[in-house]
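In what follows, a structure is listed as structure tokens, so that the remarks can point back to it.
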Amino acid sequence: MATTHSTVQDIEMTAIIHDDLAERELLPREHVVDSGYVTPAHIERARVHGINLLGPVVADNSRQAKAGSDFAKSSFPFDWDRRQATCPQGAVSREWRPLRISGHDYIQVKLAKADCLACPVRPQCTTSATRPRALSPAAHPQTS
């Protein structure tokens with residue numbers, strides 16, 4: 001438990017609590033949280049201490065998922081140890097980087113532009129005429 005100012009959201013305290021538990025040698029193997037905490041950034045940060053962050057995953061609301069195509073996020077296997085994703089056509093991502101948007105941490109995965117531009121089923125995956133597919137993993141496989 002941690003007490004903070006009212007303007008600090010509790011989601012911001014997850015890493016701090018893990019660090020404090022590590023100092024006291026009281027780390028859990030698993031930490032069960034609600035869906036707001038199950039983000040790729042929080043999952044990776046918990047892994048620093050060997051903690052499996054468990055909780056419900058927010059639904060994929062992408063155009064691809066709504067269309068029921070083979071190119072929703074769930075169709076891209078994520079290798080968290082290698083920091084790579086593989087598209088349904090077999091191309092392996094070239095970029096895996098942290099991203100901060102509106103105060104929230106994410107991980108952005110991008111495929112190679114050359115792979116995406118040459119892909120025969122590109123319209124099923126992205127509407128961009130010039131950029132490669134970029135996505136954020138929904139959650140670490142150990143969270144399900």
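Figures for the structure shown
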quantity: About the Cα centre, charge dipole magnitude for the chain (Lys/Arg +1, Asp/Glu -1 at Cβ), debye; calculated: 880
quantity: Gaussian network model of the chain, springs between alpha carbon atoms under 10 Å - residue of 51, 101, 43 with greatest fluctuation; calculated: 101
quantity: Counted charge near residue 44, where neighbours are those whose Cβ lies closer than 10 Å (Asp, Glu -1; Lys, Arg +1); calculated: +2
quantity: The chain: most fluctuating residue of 41, 67, 134 per GNM, C-alpha cutoff 10 Å; calculated: 67
quantity: Largest-first ordering by accessible area, 1.4 Å probe, given options 44, 25; calculated: 25, 44
quantity: Unit charges at the beta carbon, dipole of the chain: most positive-side option, 57, 91, 120; calculated: 120
quantity: Pair residue 49, residue 30: separation of 7 Å Cα→Cβ label points (nm); calculated: 1.7
quantity: Residue of 93, 128, 74 that the Gaussian network model of the chain assigns the largest fluctuation, springs spanning Cα pairs under 10 Å; calculated: 128
quantity: Accessible area in square angstrom per residue, the chain, 1.4 angstrom probe; calculated: 63
quantity: Size of electric dipole in the stretch 1-46: Cβ of Lys, Arg +1 and of Asp, Glu -1, about Cα centre, debye, nearest 20; calculated: 40
quantity: Cα-based shape type of the stretch 30-99, given that a ≥ b ≥ c are square roots of the gyration tensor eigenvalues and the cut on a/c is 1.5; calculated: oblate
quantity: Cα-based radius of gyration of the stretch 52-133 once divided by 2.2 N^0.38 Å, which approximates compact folds; calculated: 1.14
quantity: Whole-number D in µm² s⁻¹ for the chain, Kirkwood Cα-pair radius fed into Stokes-Einstein, 20 °C, 1.002 mPa s; calculated: 129
quantity: Karplus 3J(HN,Hα) series, Hz, for the stretch 73-89 with 6.51 cos²θ - 1.76 cosθ + 1.60 (x for Gly, Pro); calculated: 3, 5, 8, 10, x, 9, 9, 5, 6, 8, 6, 9, 10, 10, 6, x, 8
quantity: Per-pair calculated FRET efficiency, R0 = 41 Å: residue 17 and residue 95 via Cβ, rounded to 0.05; calculated: 0.85
quantity: Mean projected area (nm²) of the alpha-carbon convex hull when the stretch 93-134 is viewed from all directions; calculated: 3.3
quantity: Per-residue ³J(HN,Hα) for the stretch 28-39, Karplus 6.51 cos²θ - 1.76 cosθ + 1.60, θ = phi - 60°, Hz, x for Gly and Pro; calculated: x, 6, 10, 10, 8, 9, 8, 4, x, 8, 8, 10
quantity: Full-stretch length increase - residue 4, residue 61 - with 0.36 nm per residue and alpha-carbon distance subtracted; calculated: 17.2 nm
quantity: Accessible carbon and sulfur surface of the chain relative to its total accessible area, %, 1.4 Å; calculated: 50
quantity: Rounded to the nearest 10 Å², the accessible area of residue 95 at probe 1.4 Å; calculated: 60
quantity: Exposed trypsin sites (Lys or Arg not before Pro) absent - longest run of the chain, DSSP non-H/G/I/E/B, at most 16 other C-beta within 10 Å; calculated: 30-81
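The values are calculated or read from the model by the stated rules, or taken from the named source; none is laboratory data. Keep in mind it's a predicted model, so treat the numbers as computed, not measured. Every residue, glycine among them, receives a Cβ derived from its backbone with ideal geometry; neighbour counts consider all protein chains shown. Calculation scope for accessible area: heavy atoms of the full protein, side chains included, ligands and nucleic acids excluded. Shrake-Rupley method; radii C 1.70, N 1.55, O 1.52, S 1.80 Å.
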